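Taken together, the values in this text are just the output of simple stated rules run on the coordinates, not laboratory data. Model, not experiment: these values are computed from the prediction. Counting neighbours? That spans all protein chains shown, and the Cβs are built from the backbone with ideal geometry, glycine included.
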Ligand SMILES: Cc1cc2nc3c(=O)[nH]c(=O)nc-3n(C[C@H](O)[C@H](O)[C@H](O)COP(=O)(O)O)c2cc1C
């Protein structure tokens, strides 16, 4: 097989695409991010990357907190809207009829209608170039009970999607195998 060489800017692996809440009170805003990933288990730490030109950037800088809200495939429209409009011009909560729900630890509101929310506190930041990367410690996680089995996410109830190179890709329901299945 002769492989073709592509731009090093291309990303071929799946990314999550989530809607982050940032800021508090009337200033609270929503932004869609694909640059989101878990990087440490103990303590649980995620990274997100955001461009300084975004309205949301200033709100993260101001409060050092954010919430990762993860949508189902039926909420793709809300996710795309939050990633194509700026909070400088529209109130995304109002336009999308989304409800602010208090978190248990951070002051930034969660999206009530989204089934999975992770409250995070910024513990470090790195200026990388086009994006500023924030390390956030996950201080609380909430889930709609319908996706939970034995205190974990139930893979047979997943109704999520991934983001690959500009496309929203549906994830078929059901795990194809479990972590460690080759050891059994
Ligand atoms: C699927 C998707 C993924 C995105 N990922 C990022 C990202 O990781 N980092 C970023 O700075 N902007 C990202 N954006 C762009 C912002 O969400 C977009 O510019 C948004 O309108 C900024 O909102 P704000 O000005 O209210 O902060 C993404 C947009 C979409 C649709």
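Per the helix-only calculation at 222 nm, which mean residue ellipticity applies to the chain, given -39500 (n - 2.57) for every DSSP H run of n ≥ 4 and division by its residues, nearest 500 deg cm²/dmol?
Result for the chain, helices only: -2500 deg cm²/dmol.
By how many nm would the segment from residue 169 to residue 151 lengthen if fully extended, with 0.36 nm per residue of separation less the alpha-carbon distance?
Extra length from residue 169 to residue 151 when fully extended: 3.8 nm.
Roughly speaking, what is the stretch gain from residue 47 to residue 162, that is 0.36 nm per residue apart minus the C-alpha to C-alpha distance, in nm to one decimal?
Gain in length upon complete extension: 39.7 nm.
Can you tell me the mean projection area, over all orientations, of the convex hull of the chain's alpha carbons? Units nm², please. Write down the numbers at each step before the final one.
Details: hull surface 52.3 nm².
In nm², the orientation-averaged hull projection of the chain is 13.1.
Taking only C-alpha pairs under 8 Å that are 6+ residues apart, what is the relative contact order of the chain in percent? Don't jump to the answer; show the numbers that get you there.
On the way: 349 pairs, mean separation 41.7, N = 184.
Worked out over the chain, it gives 23 percent.
Suppose R0 equals 22 Å; then what is the FRET efficiency for residue 101 and residue 74 from their Cβ-Cβ distance, rounded to the nearest 0.05?
Calculated transfer efficiency: 0.75.
Stretch residue 126-residue 64 to full length: gain in nm at 0.36 nm per residue minus the Cα-Cα span?
21.0 nm
Report the label-to-label distance for residue 6 and residue 181 in nanometres (one decimal), using points 7 Å from each Cα along the Cα→Cβ vector.
Each label point is offset 7 Å from its Cα along the Cβ direction, giving 2.6 nm.
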